[in-house]
Amino acid sequence: MMTAVGHGIPGIVAECGGSAMCATCHVYVDPASIGFLPPISDVEDEMLASAAGERREHSRLGCQLALAPGVDQLIMHIPERQV
Ligand code: FES
């Protein structure tokens, strides 16, 4: 989320600033990248239920995703709407 906001990527609103309280950073993680991410937490799982865009198998909150050491790219897609 911070990377997207910092680079002006459209479609990542991030209203709560990364507190897992708004779901406006919802992303669809490409299956090729899902193995590089930490498991989803209960809080993230609950918040995704209120996301404006359709929830899918690899839906995540962008603000809860941190790059692990040695991973230099993740592929994500942005829902058609966030609010
Ligand atoms: S920025 Fe609000 S839930 Fe991610």
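A short reminder: the numbers here are calculations on the coordinates, not readings from a lab. Note that the structure is a prediction, hence the values are computed from the model and not measured. Cβ: placed from backbone, ideal geometry, glycine included. Neighbour counts: every protein chain shown.
So what does log10 I(q)/I(0) come out to for region 5-83 at q = 0.17 Å⁻¹, using the Debye formula with one equal point on every Cα and no solvent? Rounded to two decimals, the profile gives -0.60.
Ranking HIS7, ILE34, LEU48 by how far each Cα lies toward the positive end of the dipole of the chain (charges on Cβ) leaves HIS7 at the top.
Comparing CYS25, CYS63, CYS16 in a Gaussian network model of the chain where C-alpha atoms under 10 Å apart are linked, the largest mean-square fluctuation is found at CYS16.
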